[in-house]
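Colleague: Sending over a structure as structure tokens; questions will come in a sec.
The values are calculated or read from the model by the stated rules, or taken from the named source; none is laboratory data. Only a predicted model underlies this, so the values are computations on that prediction, with no experimental measurement involved. Virtual Cβ from ideal backbone geometry, glycine too; neighbours counted across all protein chains shown. Please note that ligands, DNA and RNA were not included when accessible areas were found on the heavy atoms of the full protein model with its side chains. Shrake-Rupley method; radii C 1.70, N 1.55, O 1.52, S 1.80 Å.
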Amino acid sequence: MSSLRSGRSSTFARRGGGARRNYGGRGRSKGGGGVRRTIKSTLLHTSALCIIPPARLWPCIQSIRKVHDKAYARWMPHVNLVYPCVAYKDFDAYGKLLEAHCENIKPFVVNLNQVGHFSQRQAWTVHLVPHSQNKGKEWNELHNQCIQALNLLKPEEAKAKRKGFRPHLTIGQFPKSEAPLEVKRLETAFSTPKLEFEVSHLYLISRVSQTAPFRVRTVIPLGGAKGMIKGEDTKLKEKSKGEEKEKDLVEKTLNEKWSIEFTEEEENRNIPPPHPYP
């Protein structure tokens, strides 16, 4: 069994991650107030930074995506923050920067009961709108800090990304002629029950090829969020009330589908992932 690790300092460390690397020059970080390092990396379509809803919300989302979303087999339900993103080998470095930049951003609650769409020439891409309580201010601040932490874009590129950011969770693509009716049907379907969850962690995901599914590699807490406990062994010794509480926390954490990381090295060695997908 793999060992359990806790605490915010370990949340962005991949299992078997090895030595840390120093990336570039130093300066003060606006987001976290700590040391800022630049990353010398290329943005790739095989990696992304995103939010993933908890497993309890998956059934109703996946039942639609399985039929209508062409990316169903490659992407889990997600809200992208940065895509394309840094290379997998730079996840540790970017994770450090993200934790520093986002340490003052508190977890916030969103709901997925509104249906929206992007209109293309021949089709509509239909999505769920992750509404936050303060009219999207939480999303904008989170996205802004993720872009600042990236520190790879030219000022005009970063500004364009921030201006064009519209958080969404894609559920399907529909021909333009059928889309309005389908959207109305989905609006009714997603009006109840209440699809609500807390955004408390960021997820760095990658895939080993363009056709392979994305997997969670690194998990970063927002400020005030508890660090995730890693591992697959929930059979902790129950010697005290404190240990009983820790056991409950571990089991609760591991019941969330994406609390366990799965490295590219493990995937390339054909080790089975710790959770079913899709």
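Colleague: Quick one: is K89 assigned to a helix (DSSP H, G or I) and either in contact with a helix residue (DSSP H, G or I) (Cβ under 7 Å, 6 or more places away or on another chain) or open to solvent by 30 Å² or more (accessible area, probe 1.4 Å) (or both)?
Modeller: Answer is yes for this residue.
Colleague: Report yes if A48 is surrounded by 21 or more Cβ atoms within 10 Å (Cβ to Cβ), more than 29 Å from S177 (Cβ to Cβ), touching a Cys at 6+ places or on another chain (Cβ under 7 Å) and in contact (Cβ under 8 Å) with a residue 12 or more places away in the chain, otherwise no.
Modeller: yes
Colleague: Another question, if that's okay. Among (1) buried (at least 19 other Cβ atoms within 10 Å of the Cβ); (2) closer than 16 Å to N151 by Cα; (3) under 15 Å from the mean Cα position of the chain (by Cα), which single condition is K96 missing?
Modeller: All conditions pass for K96, except number (3).
Colleague: Is it fair to say Y94 is among the hydroxyl-bearing types (S, T, Y) and within 23 Å of E198 (Cα to Cα)?
Modeller: So Y94 fits the description; yes.
Colleague: Any residue in region 61-80 that's assigned to a loop (DSSP other than H, G, I, E, B): show its pairings with residues that are small (G, A, S) and surrounded by fewer than 15 Cβ atoms within 10 Å (Cβ to Cβ) at Cβ separation under 9 Å, as long as the two are six or more apart or on different chains.
Modeller: Every condition considered, the pairs that remain are R74/A212.
Colleague: Moving on. Any residue in region 57-72 that is among the basic types (K, R), at pLDDT 95 or above and crowded, with 17+ Cβ neighbours inside 10 Å?
Modeller: yes
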